[in-house]
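Structure, as structure tokens:
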Amino acid sequence: MGIVKSKFLKLNRLILFLALSATIITFINSFYSNYEVQKEQLIFQAIEVNRAYAQKLSDTTEVFISSSKQQLAYAANEVSSQMDNDAFLMDEANRLKYQTDSFNSVVISDALGRTQAASPETLDLVGKQLKSAGSKEALEEKKALISKPYVSTIQNLLVFISAPIFDKQHNYLGFLGGSIYLKSPNILNQILGEHYYKDGSYIYVVDKNRQILYHPQKERIGTFLNGNSGLDEIISKKEGGLLLKNSKGIEMLAGYSSIPSTDWIVITQSPLESTLLPLTGIMEKVILRTLPMASAVFLFIWLFARAISRPLQQLAERAKSLDSPTVTSDIESIDSWYVESFSLKKAMLSGVKLLHNQIGDLKRDADTDPLTGANNRRAFQYKLKQLALLETPFAILALDIDYFKRINDEYGHSVGDEVLKQQTQILQVFSRDGDLVARTGGEEFVLLLKDVTVEDAFIIAERLRVAIAEEAFETVGHVTASIGISAWTANSISIEKTLSLADQALYQAKKQGRNCCVMRSLEDVA
């Protein structure tokens, strides 16, 4: 019967029922009583968010404009002594144009308004008289300026930022200016275009003459704004927020902030309707009539939620102790009464079994040399520590295949690998239970013999050496090996010294002509 229930009562149905009940009843029960307060808070917050964002954009734009003025002022100072150097002036114009996206075009003019350098060169202005409003204003004022927006001779709506050029005697030599096309890509356009448009919200920039300088709809840039109920207040106050109707008659929550150096105003606004959307459709009578039922439903949901969560909580607790020896029986004892928890229980049991198997496989992989199947240096070191902890005496046979490099060079590494594998099989024959065969280097092996004296180890080493010499290796024929022997007992030399003695003995065997065994014992240390 319990299995039938588990298959019928699916968790997604239970959670859906619980979520819908809680959401609908909680919404109806609580929202309307706070309707007016929340409405005011939403409006206030939306206006404040828009005002803060407008302030951020205006501050960022002001920083950009100040930075642009500084670039031009610095460049003007640099070119003041090079006004006769056409190549230098052209390089400086190109640098200002292409180093960043601050300007869409750059010009350098002399004191009479003749163009000395211009970038991009496609403007074809060099040597020509400048007649634009921004250029004329720069020549007349002879100071750093930001022009009012105007349409250039090539029909670009732009703002012109200029810096005067003076020589060391403060004689006026001309100006250096950069144009920002309001409808073309540049850093200013990127700054204002970073706004995330959502629910009909958008930003735009106007000047004090109501001319639109930036708008997400590019066709509106350069036009004049009319029919906006709050624009007079925005232009007069320059900072704040309000509820207004835009030119299309839509009620908008607007925040605005001015850019000090230009008297432009950044306006961020979002529709009132989208802001108040969560408050629509609430009915007071429905809420009042459902209050008694709401209490009963909440109680029911609470009890039902406990019943749903109990097996999941128990499974979660068991998941924290997967290394416990009793975890399998603990998981099996959990009453999983619906499909998902029952499936999760089965998956956890399978996972525990798989985890234990994988741990075993990983341990074998971590301790095994992948080529020969022998133990690796890590397993060898662990075995040494284990024997030392138990104070079990042992002997070490350090073995090295003679002239193995010749085998690799003459027959290739694949043949050399087969020699190493066959060598491992010979060592395994001489290994008993409790002993260990390990590959510690390229052609270097170790046979660790448990409970063997150094003298007995020497006898075994000689037998092993003869067995290797007599073994027929495919392709290679016969090989020989040099073996170094040392032994360790409790309260004698250290394990490190024992290993060192075995290495020294192996070295001595090679020095004596290879294919021999050399033994070094505690007496050799004294």
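Any read-out appearing in this document is the output of simple, stated calculations on the displayed coordinates, not a laboratory observation. What you see is a predicted model, and the numbers here were worked out from it, not measured in a lab. Positions of Cβ are generated from backbone atoms using ideal geometry, with glycine treated the same way; all protein chains shown enter the neighbour counts.
Points to keep in mind about this one:
- Contact order normalised by residue count of the stretch 117-164, Cα under 8 Å, 6+ apart, percent: 30 percent
- Annotation: the residues Ser119, Ser486, Ser350, sorted from fewest to most other C-beta atoms within 10 Å of their own C-beta, follow the order Ser350, Ser119, Ser486.
- The stretch 371-517 shape via C-alpha gyration tensor axes, a/c threshold 1.5: prolate
- According to the Cα-based calculation, Rg over Rh for the stretch 187-279 is 0.95, with Rh computed by the Kirkwood formula.
- Taking every alpha-carbon pair under 8 Å whose residues sit at least 6 apart, the stretch 61-178 reaches a relative contact order of 27 percent.
- 12 Å beta-carbon shell around Leu390, net charge (K/R +1, D/E -1): +1
- Fully extending the segment from Ser492 to Ala388, taken as 0.36 nm per residue of separation minus the present Cα-Cα distance, adds 36.3 nm.
- Panel order for Val126, Val79, by other beta carbons found within 10 Å of each beta carbon, from fewest to most: Val126, Val79.
- On the beta carbon distance between Glu273 and Gln313, with R0 = 35 Å, the FRET formula returns roughly 0.20.
- Stretchable slack from His478 to Leu243, in nm (0.36 nm times residue separation minus alpha-carbon distance): 74.8 nm
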